C-alpha cells in the first residue's frame, strides 16, 4: 500500500467515527430533551402539529373552492361547498388516525381512552361508508340533499375534531 492510500483509509475511518459520534450525541440530546420536557408541553406541541397538518391542511381544498367560486362572482352557499361529502373523508382521516394512535398506546387500559378510541373508530367507519355511498350515488346521477349532507357532515367533523384532539393529547400523555 502507498502512503497516500493508507492516509485516505485513516481519514475515512476517522470521518466515519466522527459521524457516529455526532449521531450518538444528537440522539442523546434528543432523549435528554424528551426527559426534561413536561408531558403536558409535549402534548400541546403534538396537538398544535396535529391541528396544523391534519386539520388546517385538510380543510384548505374546501376553502379554496369557496374562494375560487366567489372570485368568479358566483353566489356560493355552504351546501354547495360542503354538500358533496368532502368533510366526510376529512373526518374519516382524522378519526382513523386518532383511533389508531390510541389503540397503539393501549386504549383498553382506561375508560376515557377506550371511549375515545371507540368513538373515533365508529366515526371513521361510518363516515367512510357514507362517503362511499355518496360516491356511488354520484355515479348514478342520483339527486342528493346537499343541505342535509353539509349539515350532518359538519356535525360529524366537529365531533371528530373534538374527539381526535382529545385523543391526540391523551395518547401523548400516555406515551411516557
Inset, instruction - Among residues belonging to region 100-114 that are out of contact with any helix residue (DSSP H, G or I) (no Cβ under 6 Å at 6 or more places or on another chain) and on the phi < 0 side of the Ramachandran plot, point out the one that is modelled with the lowest pLDDT. - result: 109
Inset, instruction - Return the total of residues in region 77-123 being more than 19 Å from the chain's Cα centre (by Cα) and assigned to a helix (DSSP H, G or I). - result: 11
Inset, instruction - Identify all residues within region 56-98 that are in contact with a helix residue (DSSP H, G or I) (Cβ under 6 Å, 6 or more places away or on another chain), within 18 Å of residue 156 (Cβ to Cβ), free of Cβ contacts under 8 Å to residues at least 60 places away in the same chain and surrounded by fewer than 17 Cβ atoms within 10 Å (Cβ to Cβ); write none if there are none. - result: 62
Inset, instruction - With respect to residue 101, determine if the residue is assigned by TED's automatic domain parsing to the domain that holds residue 43 and surrounded by fewer than 17 Cβ atoms within 10 Å (Cβ to Cβ). - result: no
Inset, instruction - Look at residue 153 and say whether it is within 13 Å of the chain's Cα centre (by Cα) and surrounded by 18 or more Cβ atoms within 10 Å (Cβ to Cβ). - result: no
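The values are calculated or read from the model by the stated rules, or taken from the named source; none is laboratory data. Quick caveat: nothing in here was measured; it's all calculated off a predicted structure. Cβ: placed from backbone, ideal geometry, glycine included. Neighbour counts: every protein chain shown.
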